[in-house]
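Below is one structure, written out as structure tokens; the observations come after it.
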Amino acid sequence: MTAIVTRFAPSPTGLLHLGHAYSALFAWDTAQRAGGRFLLRIEDIDQGRCRPEFEAAIFEDLAWLGLDWEKPVRRQSEHMADYAAALARLDGEGLIYPCFCTRKEIAESTRAPHGPALHNQEGPRYPGTCRALDPHERADRLARGDAHALRLDMAKALARVASPLVWHDRAKGRVVAHPEQLGDVVLARKDTPTSYHLSVTVDDAHQGVTLVTRGQDLFHATDVHRLLQALLDLPTPEYHHHDLLVDGAGRRLAKRHRDDTIAMLRKRGVTPDQVRARVARHPKAALV
Ligand code: GLU
């Protein structure tokens, strides 16, 4: 049996908080228990929001928690060629199209509630406006250099792969993927030539990750990743989506809760063992 490989993949857009500690420890402990490997990946495709000081803080906080990881750490910003190659392949198969819509236009055209509240990092489900663009207009706008994202043509993509698309979650068991629920997801953003979905899928495969552990909020994103794996001939890892840490009032811990950053807890004299105890007693206990 091959040893498992897990990873923790934070974005250096802010300080890590307790929820991140939970996720990181979850991946690390799972690898330790199985005698496997643990990787840390820096998801810094959003160069407008990522900061070197937050990356430094990630290393410091995780080391303080008692974690170690293999070096060198993979930084997504250093691997744009890998994402470009994946995009070129999908483009060659006619599965992506440029989308010139602004956020505002998309928000206006999707005002009606759309099915379940899916975590789609691009915002509301896209109605497909630019998929139906007249080819001449599309060519003109590209020639003019109009800013555009690249979206996956979900219907075409699904027609290309064998169904059902299945993946396995350690908590939920067999899952049949329904990526169409997320619509024509963005594979390259206007401001950066890749997206969360594309880079995470390419990287997990590239790094030989065999078990992706992450929060429940990304459960439905896995359906898209499963589809991309099928389209790009990448292996499908096993998944374990864990519950999300909440505060005493049942609210999800998020970066905006400044008091819950690891750095702040450390400053208040909280020990790594206390952080471990807190996340082990999740979700309701309050921290010291
Ligand atoms: N960079 C992502 C985040 O911080 C990680 C997603 C994942 O683990 O796949 O939400």
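Summing charges over neighbours of ALA88, with a neighbour being any other residue whose Cβ is under 15 Å away from its Cβ, gives -3 when K and R count +1 and D and E count -1.
Computed from the C-beta positions of LYS156 and LYS71, the FRET efficiency with R₀ = 41 Å rounds to 0.50. Using Cβ point charges alone (K and R +1, D and E -1), the dipole size of the chain about the Cα centre works out to roughly 800 debye. Taking 4.7 Å between beta carbons as the limit, the unpaired Cys residues of the chain are CYS50, CYS101.
Would you calculate the separation in nanometres between label points at LEU218 and ARG144, each defined as 7 Å from the Cα along the Cα-to-beta-carbon direction? Label-label distance for LEU218 and ARG144, simple model: 3.7 nm. Scan the chain and hand back the longest stretch that contains none of the GluC sites (Glu not before Pro) lying in DSSP loops with at most 14 other Cβ atoms within 10 Å. The longest such stretch corresponds to 94-288. Helix 221-232 and the longest principal axis of the C-alpha atoms of the chain enclose an angle of approximately 60°. Note on MET80/ALA132: beta-carbon distance plugged into 1/(1 + (r/R0)^6) with R0 of 25 Å gives a FRET efficiency of 0.25. Taking the chain as the reference, fit the longest principal axis to its C-alpha atoms, fit the long axis of helix 80-92 to the helix C-alpha atoms, and give the angle between the two in degrees, 0 to 90, nearest 10. Between the helix axis and the principal axis of the chain, the angle is about 40 degrees. Taking a ≥ b ≥ c as the square roots of the eigenvalues of the Cα gyration tensor, an a/c ratio of 1.5 or more together with a/b no larger than b/c marks segment 163-223 as oblate. Our summary gives the chain a relative contact order of 23 percent, counting only alpha carbon pairs under 8 angstrom and 6 or more residues apart.
The count of lysine pairs in the chain whose Cα atoms are under 23 Å apart, excluding pairs fewer than 8 places apart on the same chain, comes to 6. From its DSSP helices (H runs of at least four residues, each -39,500 (n - 2.57)), the chain gives a residue-normalised ellipticity at 222 nm of -11000 deg cm²/dmol. Axis of helix 18-33 versus longest Cα principal axis of the chain: the two differ by about 80°, to the nearest ten degrees. The simple spin-label model puts a point 7 Å past each Cα toward its Cβ; for ARG49 and ASP29 those points are separated by 2.8 nm.
FRET efficiency for the ASP273 to LEU244 pair, using the beta carbon distance and R₀ = 25 Å, is estimated at 0.65. With a/c under 1.5 counting as rounded, go ahead and sort segment 1-82 into rounded, prolate or oblate using the C-alpha gyration tensor (a ≥ b ≥ c being the square roots of the eigenvalues; past the cut-off, prolate if a/b is larger than b/c, else oblate). Oblate, because a/c is 1.5 or more while a/b does not exceed b/c. One chain, two ends: ALA3 and ARG170. Fully extended at 0.36 nm per residue, the span grows by 58.5 nm beyond their Cα-Cα distance. List the relative contact order of segment 1-117 as a percent without decimals, with contacts defined as Cα pairs under 8 Å and 6+ residues apart. Taking the mean separation of contacting Cα pairs over the length of segment 1-117, I get 26 percent. Ranking GLN216, PRO235, GLY92 by how far each Cα lies toward the positive end of the dipole of the chain (charges on Cβ) leaves GLN216 at the top.
Read the figures in this text as sums done on the coordinates, not as results from a lab. All values reported here derive from a predicted model rather than from experimental measurement. As a convention, Cβ positions derive from the backbone with ideal geometry for all residues, glycine included, and neighbour counts pool all protein chains shown.
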